[in-house]
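Just so you know, all these numbers are worked out from the coordinates, no wet-lab data involved. Only a predicted model underlies this, so the values are computations on that prediction, with no experimental measurement involved. All Cβ positions, glycine included, derive from the backbone under ideal geometry; neighbour counts span all protein chains shown.
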Amino acid sequence: MKNPTFSIIAPIFNEFENIPELYPRVMEVMEQTGEPWELILVDDGSTDGSTDGIRELAESDERVRPVIFARNFGHQIAVTAGIDYSRGDAVVIIDADLQDPPEVILDLIAKWREGYEVVYAVREERAGESWFKKTTASLFYRFIYRITDVDIPLDTGDFRLMDKKVVAVMKQMREKHRFLRGMSAWVGYKQIGVNYRRKPRFAGETKYPLKKMIKLALNAVTSFSYFPLQLATFIGFIAAGLSVIAIPVVAILRLTTGTALLGQATTIIIVLFLGGVQLISLGIIGEYIGRIYDEAKGRPLYIVAESPQDPENAG
Ligand code: UDP
Ligand code: MG
């Protein structure tokens, strides 16, 4: 088969009920482009029968290409595998739960045809998500924007289109702890946002519990910023500065009054406070060291159990 113009990538982790809806919706939209396309469904270790659903689709339509993982590797890794297997001139990442309406793909493609290499979809509204998720997500995007050197667009998830030039660079970025939206911003080229309304899930529950959200946030911060490491230095300077002021003050007070600052309470508080700051700093350094360790091991990013074709550059 000739290489398609468009590759649509959908990561799937227990989305059994969504697959039969996703496929026709994507098909309907992609047929309107009049160009050949492929739908890469990456099964991220589903246990609910999604895997069979994907296999059946792939048998009935050769444009559907399954990549089935040996276990759950996480959303960002699943999308990465999709990128590795993609062959299109433009690659679109979309959630399988239909929160990102496939119809928006046409808007992304229109911008690509105007010459933009990365077209990201900006959530101007998020329907059907909890107050907690919306608030934490909003704070998170703003925090990341402030502390990183790369301009990662606000309120933007992984729903985006990337030209094959960008995809070629992404295929070379083999870091283990991945924050794809940051990585695609880092690549550069001409980038632009397109607004859309994020819908509620078509079926099922979120596969991003708080634990996974925190993990993603930590990856985002550590992959694109030294800010936490610098924070330790900053607090260190403040503590040292305070002690330089405190030493003569204490000496003078003790000499002049004789009774000031007796007792252990102040000492205990300060020891605990500084001990806490030091342990937190160690923990921050540990986060970075753990990531260096993961890179040093050089393990493959994912293990594919089943797929019809080999990617150019997988693992
Ligand atoms: N997903 C995945 N692996 C995971 C968690 C999620 O492939 O470990 C997929 C999931 O099936 C969906 C997409 O990633 O297609 C986004 O997940 P979800 O909708 O649960 O996240 P939310 O929209 O709630 O942030
Ligand atoms: Mg979702």
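Things to note:
- Overall Cα dimensions of the chain, principal axis frame, Å, largest first: 90, 38, 35
- Only Lys, Arg (+1) and Asp, Glu (-1) charged, at Cβ; the chain dipole about Cα centre in debye: 1540
- Based on Cα atoms of segment 57-96, Rg over Rh with Rh as the Kirkwood radius reads 0.96.
- Here the residues 306, 117, 31, ranked from fewest to most Cβ neighbours within 10 Å of their Cβ, fall in the order 31, 306, 117.
- Globularity index of segment 181-315, i.e. its alpha-carbon radius of gyration over 2.2 N^0.38 Å: 1.78
- Of 37, 78, 64, farthest towards positive along the dipole that unit charges on Lys, Arg, Asp, Glu beta carbons give segment 22-82: 78
- Ordering 304, 219, 193 by the projection of their Cα atoms onto the charge dipole of the chain, which places +1 on the Cβ of Lys and Arg and -1 on the Cβ of Asp and Glu, puts 219 at the extreme positive end.
- Taking every DSSP helix (H) stretch of at least 4 residues in the chain, weighting each as -39,500 (n - 2.57) and dividing the sum by the residue count yields a mean residue ellipticity at 222 nm of -16500 deg cm²/dmol.
- Here segment 31-54 and segment 82-126 have alpha carbon centers that stand 15 Å from each other.
- Cut-off under 5 Å, modelled amide H: who pairs with residue 8 long-range: 38, 39, 40, 92
- You can think of it this way: the chain between residue 135 and residue 296 has 54.4 nm of extra reach, that is 0.36 nm per residue less the Cα-Cα gap.
- According to the calculation over all Cα-Cα pairs in segment 53-203, the P(r) per 5 Å bin from zero is 2, 8, 17, 21, 22, 17, 10, 3, 1, 0 %.
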